[in-house]
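A short reminder: the numbers here are calculations on the coordinates, not readings from a lab. All values reported here derive from a predicted model rather than from experimental measurement. Cβ atoms come from the backbone with ideal geometry, glycine included; neighbour counts cover every protein chain shown.
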Amino acid sequence: MGIYPRLTVFCDKIAYNASQIVSLCRQWNIGVYGVAKGACAQEDIVHVMVESGCEGIADSRIKNLYRLKKEMRLSVPIMMLRPPMMSEIPEVVEYGDSSVVSMSETIRALDHESVFQKKDHLVLLMIDLGDLREGIWPDELEQIGKILKGCQRVRCMGVGVNFGCFGGVRPSMEKLEELGVLEKELESLLGYPLKVCSGGSTSSLALIEDGTMPSNVNALRIGEAILLGTDSSGGRPLPFLKQQTVILETEIIEVKRKPSFPLGEIAADAFGNIPSFVDRGVRLRAISAIGKQDARIEGLSPLEEGIEILGASSDHMVLDAEKYGRTLHVGDKVHFSVKYSALLALTTSPYVSIHVIK
């Protein structure tokens, strides 16, 4: 089996990030669920999250929930972070302690399966406050409340909201205060107190940093900040966390001087896009053995000065090495920092090896 491309994971940095976030959130009486999906629930990273004080682990894939429950045998609650497909309801109830929901059909199916399995199941009702991903509209609250109240083994643990993942909407004090109002309305409808008011994910940490987080929020779902020390929606490294927690290492398979502008009529590439090029003359170019099948190339940044990413096909990444200060050979390794979008794909690809440094 090949070693490269290889993702090196520095668990000490991730542990530092997780501990810092948990400590900061505790000062605001906020609990943290560690979101493992960004690293495909890599076991060492999951254990770091738990040991650093995360109250639970959340993921959005059934295979990962199975591994968390059956193989890792976690002692903390496991949450299904994406509203379940109807076809996976039995597995969600079996392997998950809770799940996020937004549809009445899903709630009924979870309750029916929970009765069948003789197992209680918690749900976090997602409310859409503008990002336009999952969640009920606020005016649906009464209808959903009636369905939840009629459940036999499903119980609502609280309400949640999502920001910055689809519509790019930033969290705000006003929107999170609105979430608190809706939480109280749902409590009145259900007739029992809700334990969780989940105010979003990594992007919501900004409200803690600037002191504007409303007191009704008592939970966050944190993945990127723990894994990478960054906030993509804010376009920033988080100043109190460590970055370069993972480094991608790729191997060079070709080094040649070639024109910077293609020779011939340009049509669509293999992905249906028509590429554009700037004629910079003949340049030293290198090819690295990784491509769009393995990573989101836009989420990679070369760490070697003088190396530039020109683009990629499914399994070739083309680099400009004209200004690289050393002689580049076939077999040499080139290193890249990784953004969250690239990490998602890299840890999912079976063609990328993972090397953990504890």
Would you list, by chain and number, the lysines whose Cα falls below 16 Å from the Cα of residue 13, excluding same-chain residues fewer than 8 positions away? 242, 339, 358
Computed [θ] at 222 nm, deg cm²/dmol, the chain (DSSP H ≥ 4; -39,500 (n - 2.57); rounded to nearest 500): -8000 deg cm²/dmol
Give the distance, in whole Å, between the Cα centre of the stretch 326-346 and the Cα centre of the stretch 170-198. 44
Multiply the residue gap between residue 142 and residue 355 by 0.36 nm, knock off their C-alpha separation, and tell me the result in nm, one decimal place. 71.7 nm
Calculate, for residue 267 and residue 212, the FRET efficiency according to 1/(1 + (r/R0)^6) with r their C-beta to C-beta distance and R0 45 Å; round to the nearest 0.05. 0.30
Once the piece of chain linking residue 47 and residue 276 is laid out straight, how much longer is it, given 0.36 nm per residue of separation minus the C-alpha distance between them? 78.0 nm
Separation of alpha-carbon centers, the stretch 293-316 and the stretch 1-31, rounded to whole Å: 24
Between the stretch 95-146 and the stretch 204-225, the alpha-carbon center distance in angstrom: 23
Under a Gaussian network model of the chain whose springs join Cα atoms within less than 10 Å, the largest fluctuation of 216, 29, 64 belongs to 29
By the C-alpha gyration tensor axes a ≥ b ≥ c (rounded if a/c is under 1.5, else prolate when a/b exceeds b/c, else oblate), the shape of the stretch 171-242 is prolate
Which whole-number percent is the relative contact order of the chain (Cα, under 8 Å, 6+ apart)? 19
Which percent, nearest 5, of DSSP beta bridges in the chain are antiparallel? 50
Mind running the shape call on the stretch 226-358? Use the C-alpha gyration tensor, a ≥ b ≥ c as the square roots of the eigenvalues: rounded below 1.5 for a/c, prolate if a/b tops b/c, oblate otherwise. prolate
Please give every one of the lysines within straight-line cross-link reach of residue 258, meaning a C-alpha to C-alpha distance under 23 Å, and leave out same-chain neighbours fewer than 8 residues apart. 292, 323, 333
Taking a ≥ b ≥ c as the square roots of the eigenvalues of the Cα gyration tensor of the chain, is the shape rounded (a/c under 1.5), prolate (a/b larger than b/c) or oblate? prolate
Setting aside same-chain residues fewer than 8 positions from residue 175, which lysines have a Cα under 16 Å from its Cα? 184
